[in-house]
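Peer 1: Here it is: the structure, laid out below.
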Amino acid sequence: MSSSRPSPLQLTLFPEHVRLTHHIPDANRNRFYLLRTLPTLFGDWIVLREWGQIGLPGRVRRDRHETEDDAMTALIKLAYRKRRRGYAFEQMH
């Protein structure tokens, strides 16, 4: 018996950036959430978050982490938390 449900989109093993979007046409709601990991000049890492309405400047937040592994773990947790709230992963090039 074949299932008509699409398979879930998975993140790459070690994502450096993720873009999520949330569209609700009836409510005229088109939002984005962008996550990136970046090294700092001091040897630690940040998760850069940007979010807002598509087409407008978004808000930005930087969360510091001791290691690259900690930053990537935080990025993945944030991405899946947004996924549970209705955001969909978008392919980035």
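Quick note: the coordinates plus some simple rules give every number you see, no bench work behind them. Treat the numbers as computed from the prediction; the structure is a model and nothing was measured. All Cβ positions, even for glycine, are placed from backbone atoms using ideal geometry, and neighbour counts span all protein chains on display.
Peer 1: Relative contact order for the range 17-90 using alpha-carbon pairs under 8 Å, separation at least 6, rounded to a whole percent?
Peer 2: 32 percent.
Peer 1: Quick one: if the Förster radius is 22 Å, what FRET efficiency do residue 77 and residue 17 give, using the C-beta to C-beta distance and rounding to 0.05?
Peer 2: 0.90
Peer 1: Dividing the convex hull volume of the Cα atoms of the range 17-90 by its residue count, what figure in Å³ per residue is obtained?
Peer 2: Per residue, the Cα convex hull of the range 17-90 comes to 80 Å³.
Peer 1: Only counting other Cβ atoms within 10 Å, I'd like 76, 54 sorted with the fewest neighbours first.
Peer 2: Taking fewest neighbouring Cβ atoms as first place, the list is 54, 76.
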